[in-house]
Amino acid sequence: MSRRIALSAAAAVVVLGGAGAFALAYAGDEQAPALDGSTARYTAPQGDRDGSFTFTTDVTASSGVKSVKVLAWPADSSLAEQEPTAKEMADVEAATCESTGDDTTKCTYRTPVPAAEATPKGDWYVATLTTAKDGTTTLNTKTTTFTVK
């Protein structure tokens, strides 16, 4: 009787060990979300007409995209000394995303620039915090640049 129990226990260890190895191998395939083809466009207000800021990017994430947070910031600002952190980026506005394939998504962020608002001239950076549905994140404080003239 004890021989059968020992064989059953050994078989269980092999099965559970194999399942655990498979789970670890699968988890190892998960990669942080990656951005590609990121562009930023700033249109200045004219007269009493508002301008706009638009950011577009393609995101690849094997589990899908949960969110892309977007923050434009002047290169000549206090953020240049201490760039935005993931914690700070978690509170900024999110882009709108649409799936374009199995693991790719196009995300667009658009916001008006009021005519009454004075936007600092010069180079600007766009920071992004991308979160996949599996919880992995990618913070890029200089995803792309644009110039306000």
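In the range 25-33 there is no residue matching the filter, namely being at pLDDT 95 or above and not in a loop (DSSP other than H, G, I, E, B).
Of the set (1) under 23 Å from GLU30 (Cα atoms); (2) in a loop (DSSP other than H, G, I, E, B), all apply to ASP91 but (1).
Here PRO84 fulfils each of the conditions (1) within 17 Å of LEU129 (Cβ to Cβ); (2) outside any loop (DSSP other than H, G, I, E, B); (3) without any contact (Cβ under 8 Å) to a residue 60 or more places away in the chain apart from (2). Hey, among THR130, THR147, which residue is in a strand (DSSP E or B) and either under 11 Å from the mean Cα position of the chain (by Cα) or of a type in the set (Lys, Arg) (or both)? THR130 is the lone residue from the list that is in a strand (DSSP E or B) and either under 11 Å from the mean Cα position of the chain (by Cα) or of a type in the set (Lys, Arg) (or both). In this structure, does CYS97 turn out to be open to solvent by 30 Å² or more (accessible area, probe 1.4 Å) and assigned to a strand (DSSP E or B)? Answer is yes for this residue.
Looking at the range 34-61, which of the residues that are open to solvent by 80 Å² or more (accessible area, probe 1.4 Å) and outside any strand (DSSP E or B) is farthest from LYS121 (Cα to Cα)? Per the criteria, the residue is ASP48.
Filter the range 91-132 down to residues that are modelled with pLDDT under 95 and of a type in the set (Gly, Ala, Ser) and give me whichever is nearest to THR144 (Cα to Cα). Taking the candidates together, the pick is ALA118. Is it true that THR145 is β-branched (Val, Ile, Thr) and within 19 Å of SER38 (Cα to Cα)? Here the answer is yes, as THR145 does meet what is asked. Scanning the range 121-138 for residues that are touching a Ser or Thr at 6+ places or on another chain (Cβ under 8 Å) and over 17 Å from ALA40 (Cα atoms) returns THR131, ALA132, LYS133, ASP134, THR136, THR137, THR138. Residues in the range 115-133 include at least one that is under 17 Å from SER52 (Cα atoms), in contact with an Asp or Glu (Cβ under 6 Å, 6 or more places away or on another chain) and open to solvent by 30 Å² or more (accessible area, probe 1.4 Å).
The values are calculated or read from the model by the stated rules, or taken from the named source; none is laboratory data. Not measured: the values here are computed from a predicted model. Using ideal geometry, Cβ is built from the backbone for each residue, glycine included, and neighbour counts are taken over all protein chains shown. Quick note on the areas: whole protein, heavy atoms, side chains included, nothing else; ligands and nucleic acids left out. Shrake-Rupley method; radii C 1.70, N 1.55, O 1.52, S 1.80 Å.
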